[in-house]
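The block underneath contains the structure these notes are about, expressed in structure tokens.
Laboratory data are not the source of any read-out in this text; all were calculated from the coordinates shown. Bear in mind that the values here come from a model prediction, so they are computed numbers and not experimental data. Don't worry about glycine lacking a Cβ; one is built from the backbone with ideal geometry, like all the others, and counts go over all protein chains shown.
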Amino acid sequence: MVRLYPFEAHYLNLNGLRYHYLDEGAGDPVVMVHGNPTWSYYYRNAVVALSDYYRTIVPDHIGCGYSDKPDDSRYRYTLRQRVDDLESLLDHLALKENVTLVLHDWGGMIGMAYAIRHPERIKRLVLFNTAAFHLPKEKKLPLSLWLVRNTSAGAFSVRYFNAFSRGAAWIGCTRNRMSRDLRNAYCAPYNTPANRIATLRFVQDIPLNPGDPAYDLVSETQRALEEGQFQHLPTLICWGMKDFVFDHHFLNRWKTYLPQAEIHEFAESGHYVLEDTSDTIIPLMQQFLKKHPL
């Protein structure tokens, strides 16, 4: 289906659904959690670079990548369910200590919500253009996301024209624009209206107000950050400064919550910062992991 993805497929049965994940290498676990509308393909270069020294685990969320893509009658497309899925996978693999979390986009919220359940398991953090807290007050939800989240026209464009995945592939890299083949690889799992359900449900699950399904869990995770629960962890933050969603407002919040973090800002890079700037970021990841052995 996709070139440059030379990995063995693994599957966990989640209530009759196939939950795909990569499991490459050996050693301390490095768990990489993707966002929307990407999939495990986003981390392919990091897996190749790190799997000689670490056990790299990369799930595809249900509805994404090589995982099953059920309708709403068979799966709850909610943040809490995503965290439950990640917990089920790591418990299945008996990964209960010395975990490094690598998080991007929705992966930050999913991964950090898992971390507050099991803080004793997490030893290092690597963050790419993500959040684990509510939308900063000084930041407005971009109009394109608002339309997808709140209007039938926006939902129709995602389900029937693959607007979200294709649009993200066009604008996600601003330093090194994606080739057509690379854009097609990112969009390949979302090839029918039925297979685009997760890309829509992720946006519809963005918590903006009390009463939204994910709101309380985001509040709980934000509170843990505010209380300094993770300030003792070695943390690497690599940030594309041309991200139109996760911009400097989000980065500033991370700086407040994790003042010990090693931070690298990439002025010309966009939301898909690991794709945009992999030539620099992957060596930084390797150096960071070596600098902070477990």
Self-check item: Under the Karplus curve 6.51 cos²θ - 1.76 cosθ + 1.60, θ = phi - 60°, whole-Hz ³J(HN,Hα) for the range 258-265, x wherever Gly or Pro sits
Solution: 10, x, 7, 5, 7, 10, 10, 9
Exercise. Fewest Cβ neighbours within 10 Å first, please rank SER73, SER269 accordingly.
Key: SER73, SER269
Quiz item: Could you give the length gained on full extension between ASN98 and SER179, defined as 0.36 nm per residue of separation minus the Cα-Cα distance, in nm?
Solution: 25.5 nm
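Take every Cα pair under 8 Å in the range 10-291 that's 6+ residues apart, average their separations, divide by the length, and report that relative contact order as a whole percent.
Relative contact order for the range 10-291 comes out at 20 percent.
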Practice problem: Please report LEU103, LEU135 as a ranked list, fewest other C-beta atoms within 10 angstrom at the top and most at the bottom. | Solution: LEU135, LEU103
Exercise. Tell me which residues come under 5 Å, amide H to amide H, from ILE237 once H is placed; ignore anything under 5 positions away on its chain.
Key: LEU127, GLU262, ILE263, HIS264
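Add +1 for every Lys or Arg and -1 for every Asp or Glu among the other residues with Cβ under 14 Å from the Cβ of TYR215, and state the total.
-1
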Exercise. Would you mind ranking ASP91, ASP105 by Cβ crowding within 10 Å, fewest neighbours first?
Key: ASP91, ASP105
Self-check item: In sequence order, calculated HN-Hα J values of the range 16-33 (Karplus, 6.51, -1.76, 1.60; Hz; x Gly/Pro)
Solution: x, 9, 8, 9, 7, 8, 8, 8, 10, x, 8, x, 4, x, 10, 9, 10, 10
Quiz item: Residues with beta-carbon under 12 Å from that of GLU265, excluding GLU265: net charge, scoring Lys, Arg +1 and Asp, Glu -1?
Solution: -2
Quiz item: Can you give the FRET efficiency for LYS290 and ASP72, using 1/(1 + (r/R0)^6), R0 = 41 Å, r = Cβ-Cβ distance, to the nearest 0.05?
Solution: 0.40
Practice problem: Mind listing the long-range amide H neighbours of GLN229? Cut-off is under 5 Å, sequence gap 5 or more, other chains count too, H placed in the peptide plane at 1.01 Å from N. | Solution: none
Quiz item: In deg cm²/dmol and to the nearest 500, what is the mean residue ellipticity at 222 nm of the chain if only DSSP H runs of at least 4 residues count, each as -39500 (n - 2.57), divided by the residue total?
Solution: -11500 deg cm²/dmol
Quiz item: What are the residues whose amide H is under 5 Å from the amide H of ARG55, where those residues sit 5 or more places off or on another chain and H is modelled from the backbone?
Solution: ALA26, GLY27, ASP28, VAL30
Self-check item: Structure-derived Cα extents along the principal axes in Å - corresponding label in (1) 69, 44, 40; (2) 49, 43, 39; (3) 75, 44, 40
Solution: (2)
Quiz item: Lys pairs in the chain, Cα-Cα under 30 Å, at least 8 apart or on separate chains: how many?
Solution: 20
Practice problem: Convert each backbone phi in the range 64-74 into a coupling constant with the Karplus relation 6.51 cos²θ - 1.76 cosθ + 1.60 (shift: θ = phi - 60°), then list the ³J(HN,Hα) values in order as whole Hz, x for Gly and Pro. | Solution: 10, x, 8, 6, 4, 10, x, 7, 5, 6, 10
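Please sort by residue number the trypsin sites (Lys or Arg not before Pro) in the range 93-175 whose DSSP state is loop and whose Cβ has at most 13 other Cβ atoms within 10 Å.
On the way: sites: LYS96, ARG117, ARG121, LYS123, ARG124, LYS137, LYS139, LYS140, ARG149, ARG159, ARG166, ARG175; in loops: LYS96, LYS137, LYS139, LYS140, ARG175.
Taking the range 93-175 and a limit of 13 other Cβ atoms within 10 Å, the loop trypsin sites (Lys or Arg not before Pro) found are LYS96, LYS137, LYS140.
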Quiz prompt | Whole-Å distance, taken between Cα centres, linking the range 18-39 and the range 222-294 | solution = 19 Å
Quiz item: Once the principal axes of the Cα atoms of the range 43-150 are found, what is the range along each, listed largest first in whole angstroms?
Solution: 43, 37, 29
Practice problem: Report the label-to-label distance for THR280 and ASN15 in nanometres (one decimal), using points 7 Å from each Cα along the Cα→Cβ vector. | Solution: 4.3 nm
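Looking at the chain, send over the antiparallel percent of its DSSP beta bridges, to the nearest 5.
30 percent
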Practice problem: Please sort by residue number the trypsin sites (Lys or Arg not before Pro) in the range 229-269 whose DSSP state is loop and whose Cβ has at most 10 other Cβ atoms within 10 Å. | Solution: none
